[in-house]
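The values are calculated or read from the model by the stated rules, or taken from the named source; none is laboratory data. On a predicted model such as this, the values are computed, not experimentally measured, just so you know. Heads up, the Cβs are rebuilt from the backbone with ideal geometry, glycines too, and the neighbour counts pull from every protein chain shown.
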């Protein structure tokens, strides 16, 4: 069984029922903390490479233009993606200042690749 922790290293009382670790947002619109797999779960190994940054390329297809901004994430978030690629449904774009979808039909690729974040 996997347990959710926060990127800041906290284990909340009810991690399975809390919608987010905090409602507080940073000045750029990003949540001040994020859910991640706890360190013990991440230590079990990765099914994908640990990648620290992704590019906003837009949705797949000719009309899916993104802003092109590269966003970096904390190591705990990157390791969570590497351990369990489908863990998140969205991620933050520093250029657009909002959360957008990830996955096969999502808006981001890992920097330097054509691989969709969350796949």
(message) So residue 72 ticks every box in (1) within 25 Å of residue 9 (Cβ to Cβ); (2) in contact (Cβ under 8 Å) with a residue 24 or more places away in the chain but one. Which box is left unticked?
(response) (2)
(request) Tell me which residues, restricted to the range 99-115, are within 17 Å of residue 63 (Cα to Cα) and assigned to a strand (DSSP E or B). (result) 100, 101, 108, 109
(request) Just name the residue that is surrounded by the most Cβ atoms within 10 Å (Cβ to Cβ) out of those in the range 83-98 that are in contact (Cβ under 8 Å) with a residue 40 or more places away in the chain and not in a loop (DSSP other than H, G, I, E, B). (result) 92
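Taking the range 40-51 as the search range and keeping residues that are more than 13 Å from residue 108 (Cα to Cα) and under 16 Å from the mean Cα position of the chain (by Cα), which one is surrounded by the most Cβ atoms within 10 Å (Cβ to Cβ)?
Within the range 40-51, the first condition is being more than 13 Å from residue 108 (Cα to Cα), and the residues that meet it are 40-50.
Those still in the list that are under 16 Å from the mean Cα position of the chain (by Cα) too: 42, 46-50.
Numbers: 42: 21, 46: 16, 47: 9, 48: 14, 49: 11, 50: 13.
Here the answer is 42.
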(message) Checking residue 112 against (1) closer than 15 Å to residue 52 by Cα; (2) out of contact with any strand residue (DSSP E or B) (no Cβ under 6 Å at 6 or more places or on another chain); (3) surrounded by 15 or more Cβ atoms within 10 Å (Cβ to Cβ): exactly one of these is not met. Which one?
(response) (3)
(request) Could you check residue 89 against (1) at pLDDT below 95; (2) within 18 Å of residue 112 (Cβ to Cβ) and say which number it fails? (result) (2)
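Of the residues 64, 118, only one is surrounded by 15 or more Cβ atoms within 10 Å (Cβ to Cβ) and part of a loop (DSSP other than H, G, I, E, B); which?
118
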